[in-house]
């Protein structure tokens, strides 16, 4: 059963107020690994699905990041995606691995301390596409935040020469040869299915994921009459300075908590 936890054990936490568990859960018959972080104080909390960027060993889930979000009053689930850190299967860059995110959402729904009407989805970089796919497939997502997020996989191929070899290997070829494969991985084409409000955060000097991804996403959401908020930062790149990062995290978690129940 997708999202069913088959194993978990406590993991050292960098935050004294947050517990961390390394969990193994099921998705499409595969055993997937991930981190679960939750406040130590008893209570009912909003759920927070954290979808990392990168692929394989690039852009791994950072404990400091997920405990940072948990400290703002969320129970955070952060999947490693299939094939990573002992998990089964093969990661395929917003392909079948999108279901690892959906299964993580199911895990949060089953958590006894999660308010199931308030489960938010956050995606950074490549995780932005994963977050959008999750909201497309799951109508009970409360809100979506896409930070420095990929929205168009073909655009990533053309912009990032350093990623082309990996993308051709994972996807099977170029956008010219297999446009349908890139289209299937690109959430822009199914944006009408998103029910949740979307917050876009992007640095205009981002050279990892260009601001064009954010512009295309905002345009499509507005065309589909979806609820969208965009915070663009003219002087920021893909990574914000620590002070700006903390302030943006504070603002986005407040934005999440202001969204109505589903």
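The table below gives the values:
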{"item": "Zero-based 10 Å bins, Cα pair distances in the range 127-262, whole percents", "result": "12, 40, 34, 12, 1"}
{"item": "Gain in span if fully extended, residue 261 to residue 88, counting 0.36 nm per residue against the direct Cα distance", "result": "58.8 nm"}
{"item": "Ellipsoid equivalent to the chain - semi-axes via the Cα gyration tensor, in Å", "result": "26, 21, 18"}
{"item": "Where labels lie 7 Å past Cα in the beta-carbon direction, separation of residue 71 and residue 8 in nm", "result": "2.2 nm"}
{"item": "MRE, 222 nm, helices only [DSSP H, n ≥ 4, -39500 (n - 2.57), over the chain, to nearest 500]", "result": "-9500 deg cm²/dmol"}
{"item": "Distance (nanometres) between label positions extended 7 Å along Cα→Cβ at residue 1 and residue 222", "result": "4.4 nm"}
{"item": "Stretchable slack from residue 184 to residue 247, in nm (0.36 nm times residue separation minus alpha-carbon distance)", "result": "19.2 nm"}
{"item": "As computed over the range 164-223, the Cα convex hull volume per residue (Å³)", "result": "108 Å³"}
{"item": "Mean projected area in nm² (Cα convex hull; one quarter of hull surface) for the range 1-92", "result": "5.9 nm²"}
{"item": "Size of the range 66-196 as Cα extents on the principal axes (Å, biggest first)", "result": "47, 36, 23"}
{"item": "Additional length obtainable on full extension of the chain from residue 56 to residue 161, 0.36 nm per residue less Cα span", "result": "36.0 nm"}
{"item": "Mean Cβ count within 10 Å, highest first, over the residues of peptides 114-125, 164-175", "result": "114-125, 164-175"}
{"item": "Packing-based ranking, highest mean first, of 234-241, 49-56 given that Cβ atoms within 10 Å are counted", "result": "49-56, 234-241"}
{"item": "Mean Cα-pair separation over length for the chain, i.e. relative contact order, pairs under 8 Å, 6 or more apart, %", "result": "15 percent"}
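We did not get these values from a lab; they are worked out from the coordinates using the rules stated. All figures in this text were calculated on a predicted structure; none of them were measured in a lab. Cβ atoms come from the backbone with ideal geometry, glycine included; neighbour counts cover every protein chain shown.
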